[in-house]
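What follows is a short report on a single structure.
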Amino acid sequence: MFYPFRAHSDFWYLTGFSEPQAVAVFSEGKYIIFLREKDAKTEIWNGKCLGVDAASKVLGADLAYPISALKTQLPQLIKAAKNIYYDFKPCPLDDEIMHCLALTKTHSFAKYLHEMRLIKDDSEIASMQKAADISVAAHQLAIEQTKPDLFEYEIGAIFDANFRKHNATHAYEPIVAGGKNACVLHYIKNDKRLNAGELLLIDAGCEVDGYAADISRTFPINGKFSPAQRQIYQLVLDAQLAAIAAIKPSAPITAPHKIAKQVLKQGLIDLEILPTDGDLTQFYMHGTGHWLGLDVHDVGNYQQNNQDRKYKIGMVTTVEPGIYIRASDKINPIYWNIGIRIEDDVLVTKNGNRVLTVALAKEIEQIEALMQKL
Ligand code: GLY
Ligand code: MN
Ligand code: MN
């Protein structure tokens, strides 16, 4: 079997190169790339590769060598260096090279690189907007085309087709969860029939140019929210909007989770689903967001100097509160098996934030109108 190759995100970020068997070395102001040599026979089977001769021009490297030269070149480069920055865990190399690195005093560079990856520049934001737009369009089609008695995988196929149409892939295993399946947070079987009267929760996003989108929407399979579904949906939406409003430069990154929890807790108390002193985590057991970028759960510390860090322009976070109510004799049956998450992707800007996925319907009336379209 052959599997698609995806470069490690750190490597992609530094080089924009996505062939296997490549090593980049940055030494004394020079960028040196080691890569596969061109080989006519291999290219018959596997297609063209960049090759050493074209590498400097295409990748902007100062020097390019065949990967086979790493064994001899790397010890020399290491010998000449005062400090070596290398992260062993994500990128193990051949034993011989690992041994050579292990003899030197190495430091992690991830902690520096990941701070860079956390702040997106204009070209990264353009790629993330592209990933958002492709994912929004697929979600919109899925909402329009959902009807009772289809299977979850049929709706899942809308994402497969529409991502591939744009040369995008799934950024993560999609969740297409009808009814009570939505209360299983990592439900990925996506193989059950969709029943009228139940909700469908979809968490799906594409990766394009290496960058991910991460979107969740929840809507009624028969196109109309029941009164109980409407109550819980509006509550999650209110929490999500409040959380998004809390995102701006210098605000603590814990603010969205804090406000989302407050809104959800009060709402569930008002609906008599949760006692005043009740534990919200039985209905809301995950965080309100995570960094988004080359990885879906992107790199970047959430704390700095043992303190919650503050938002900065160029950070991108998801905002994804939810409520999941499993059947229980302590809860009014009208609420059983309601699982709702609403997730958008938010860029921190000078004046506050920009929701990259804003084009996708999420108000109750918008969703119901979209479902009447076909
Ligand atoms: N889709 C993964 C997440 O929402 O974190
Ligand atoms: Mn997410
Ligand atoms: Mn998600």
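The values are calculated or read from the model by the stated rules, or taken from the named source; none is laboratory data. The structure displayed is predicted, hence computed values, not measured ones. Positions of Cβ are generated from backbone atoms using ideal geometry, with glycine treated the same way; all protein chains shown enter the neighbour counts. Surface accessibility is based on the protein's heavy atoms, side chains included, excluding ligands, DNA and RNA. Shrake-Rupley method; radii C 1.70, N 1.55, O 1.52, S 1.80 Å.
Output ³J(HN,Hα) for the stretch 253-259: one whole-Hz value per residue in order, computed from phi by the Karplus curve 6.51 cos²θ - 1.76 cosθ + 1.60 with θ = phi - 60°, and x for Gly and Pro.
Karplus values, whole Hz, x for Gly and Pro: 6, 7, 4, x, 5, 4, 5.
Sorted by average packing, counted as other Cβ atoms within 10 angstrom per residue and highest first, what order do 255-268, 346-359 take? Show your work: numbers first, answer last.
Working: 255-268: 19.9, 346-359: 17.4.
For the peptides 255-268, 346-359, the packing ranking is 255-268, 346-359.
Suppose each label sits 7 Å from its Cα in the direction of the beta carbon; what would the Lys224-Arg354 distance come out to in nanometres?
So the two model labels end up 4.0 nm from each other.
Calculate what fraction, in whole %, of the accessible area of the stretch 321-368 sits on carbon and sulfur atoms when a 1.4 Å probe is rolled over the protein chains. Mind dumping the intermediate values first?
Values: 1090 of 2100 Å².
Carbon and sulfur atoms account for 52 percent of the accessible area of the stretch 321-368.
Search the structure for amide H atoms under 5 Å from the amide H of Ile215, placed 1.01 Å from N in the peptide plane, and list their residues when 5 or more places away or on another chain.
Residues meeting the criterion, in which the H sits 1.01 Å from N, are Ala204, Gly205.
Please identify, among Asn337, Asn46, Asn190, the residue showing maximal mean-square fluctuation in a Gaussian network model of the chain using a 10 angstrom Cα cutoff.
Result for the chain, Cα springs under 10 Å: Asn46 fluctuates most.
Order 199-212, 108-121 from most to least packed using the mean count of other Cβ atoms within 10 Å. List each step's numbers first, then the result.
Working: 199-212: 24.9, 108-121: 15.5.
Top to bottom by mean Cβ count within 10 Å: 199-212, 108-121.
Please list 3J(HN,Hα) in residue order for the stretch 72-82, calculated via the Karplus relation 6.51 cos²θ - 1.76 cosθ + 1.60 where θ = phi - 60°; whole Hz, with x for glycine and proline.
Listing the rounded values in order: 8, 6, 5, x, 5, 5, 5, 4, 7, 9, 7 Hz.
Place a +1 charge on the Cβ of each Lys and Arg in the stretch 1-142 and a -1 charge on the Cβ of each Asp and Glu, then give the dipole magnitude about the Cα centre in debye, rounded to the nearest 20.
Numbers: 16 positive and 17 negative charges, 39 e Å.
Here the size comes out at about 180 debye.
Could you look at the stretch 118-170 and say what percent of its accessible area is carbon and sulfur, using a 1.4 Å probe and all protein chains? Can you show the working numbers first?
On the way: 1280 of 2410 Å².
With neighbouring chains kept in place, the figure for the stretch 118-170 is 53 percent.
Of the options Ser216, Asn167, Leu200, report the single residue whose Cα projects farthest towards the positive end of the charge dipole of the stretch 120-238 (beta-carbon charges: Lys, Arg +1; Asp, Glu -1).
The Cα lying farthest towards the positive end belongs to Leu200.
How large is the charge dipole for the stretch 217-332, taken about the Cα centre, if only the Cβ atoms of Lys, Arg (+1) and Asp, Glu (-1) carry charge, to the nearest 20 debye? Intermediate values should be presented prior to the final figure.
Working: 12 positive and 10 negative charges, 60 e Å.
That gives the stretch 217-332 a dipole magnitude of about 280 debye.
Enumerate lysine pairs in the stretch 1-95 that are 8 or more residues apart or on different chains, then count those whose Cα atoms are under 19 Å apart.
Counting lysine pairs in the stretch 1-95 gives 9.
Averaged per residue, what accessible surface does the stretch 229-286 expose to a 1.4 Å probe, in Å²? Could the numbers behind the result be given before it?
Working: 2700 Å² over 58 residues.
I get 46 Å² per residue for this part.
Give me the distance between the Cα centres of the stretch 111-125 and the stretch 259-304, rounded to whole Å.
That distance is 26 Å.
Counting only other residues whose beta carbon sits under 12 Å from that of Asp295, what net charge do I get with K and R as +1, D and E as -1?
Charge balance near Asp295 sits at -2.
So what J values fall out for the stretch 122-127 if you push phi through Karplus, 6.51 cos²θ - 1.76 cosθ + 1.60 with θ = phi - 60°, rounded to Hz, Gly and Pro as x?
So the J values, rounded to whole Hz, are 4, 6, 5, 5, 5, 5.
Report, for the chain, the % of DSSP beta bridges that are antiparallel, rounded to 5.
Once the DSSP bridges in the chain are tallied, antiparallel ones form about 85 percent.
Please name whichever of Ile253, Asn332, Gly289 sits farthest to the positive end of the charge dipole of the chain, dipole taken about the Cα centre and charges placed at Cβ: Lys and Arg +1, Asp and Glu -1.
Highest projection toward the positive end goes to Ile253.
Mean separation of Cα pairs under 8 Å and 6+ residues apart, divided by the residue count of the stretch 111-239: what relative contact order is that in percent?
On the way: 203 pairs, mean separation 34.6, N = 129.
Taking the mean separation of contacting Cα pairs over the length of the stretch 111-239, I get 27 percent.
Answer with one residue from Gln372, Tyr311, Ala361: the one whose Cα lies farthest towards the positive end of the charge dipole of the stretch 274-374, charges on Cβ with Lys, Arg +1 and Asp, Glu -1.
The Cα lying farthest towards the positive end belongs to Tyr311.
Could you give the size of the charge dipole of the chain about its Cα centre, using +1 on the Cβ of each K and R and -1 on the Cβ of each D and E, expressed in debye and rounded to the nearest 20? Please report the intermediate quantities before stating the final value.
Numbers: 40 positive and 45 negative charges, 98 e Å.
In debye, rounded to 20, the chain gives about 460.
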